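Novice: Dumping the structure here so I can ask a few things about it.
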Amino acid sequence: RRTGRSLLPITGNFFLFPFFRSQFNKYIIMGDNRFTRPARHSYNTKSNRIKAVRTPGGKLSAGKIAKKTSGPKCSDCKMSLQGIKHMKKSAYHKSKKRERRVSRVYGGSCCAKCVKTRIVRAFLLEEQKAVKKVLAERTAGKK
């Protein structure tokens, strides 16, 4: 039983027309679409994933898919930090300082929202101490 497109029989004028030539190449001449896994064990686990890559010679080979890392997290709210690439620990060690952090206070360890709350909290604590001191002086002046 034949399925799919039916092909014209090859006649004398077949290769004169480019349309038929492309049809011929597409449906009759097929490359080998098989490849073997390069690693020692053949299981498709999380750390052993591969994808088919066609080489310039037209051969299929296996390309390893690297795991995606979760990236750096904020120390307070545990959200992912913006502006910093998700790399492995060894890659952070090799990268430049400007790629590891953001140019801000607590750049590579805290997000902007948490830094803002820290600054506001510190300011309010200082204000509260100053108010207590003024109230203590007033009560001491009354006595």
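Computed from the coordinates by the stated procedures, all read-outs in this text should not be read as laboratory data. Predicted model, so just to flag it, every value in this text is computed and none were measured. Cβ atoms come from the backbone with ideal geometry, glycine included; neighbour counts cover every protein chain shown.
Novice: Test of understanding: what is the full-extension gain from residue 68 to residue 129, defined as 0.36 nm times their sequence separation minus their Cα-Cα distance?
Specialist: On the way: separation 61, 0.36 × 61 = 21.96 nm, distance 4.78 nm.
Additional length available on full extension: 17.2 nm.
Novice: Can you give the FRET efficiency to the nearest 0.05 for residue 79 and residue 99, using r as the Cβ-Cβ distance and R₀ = 25 Å?
Specialist: With a Förster radius of 25 Å, E is 0.80.
Novice: In a shell of Cβ-Cβ distance under 12 Å around residue 112, excluding residue 112 itself, what net charge do Lys and Arg (+1) and Asp and Glu (-1) give? Write down the numbers at each step before the final one.
Specialist: Numbers: positive: 104, 113, 116, 118; negative: 76.
So the environment of residue 112 carries a net charge of +3.
Novice: Count charges around residue 53 for me, please; just the other residues with Cβ under 10 Å from its Cβ, Lys/Arg as +1, Asp/Glu as -1.
Specialist: Working: positive: 51, 54, 59, 64; negative: none.
Value of the local net charge: +4.
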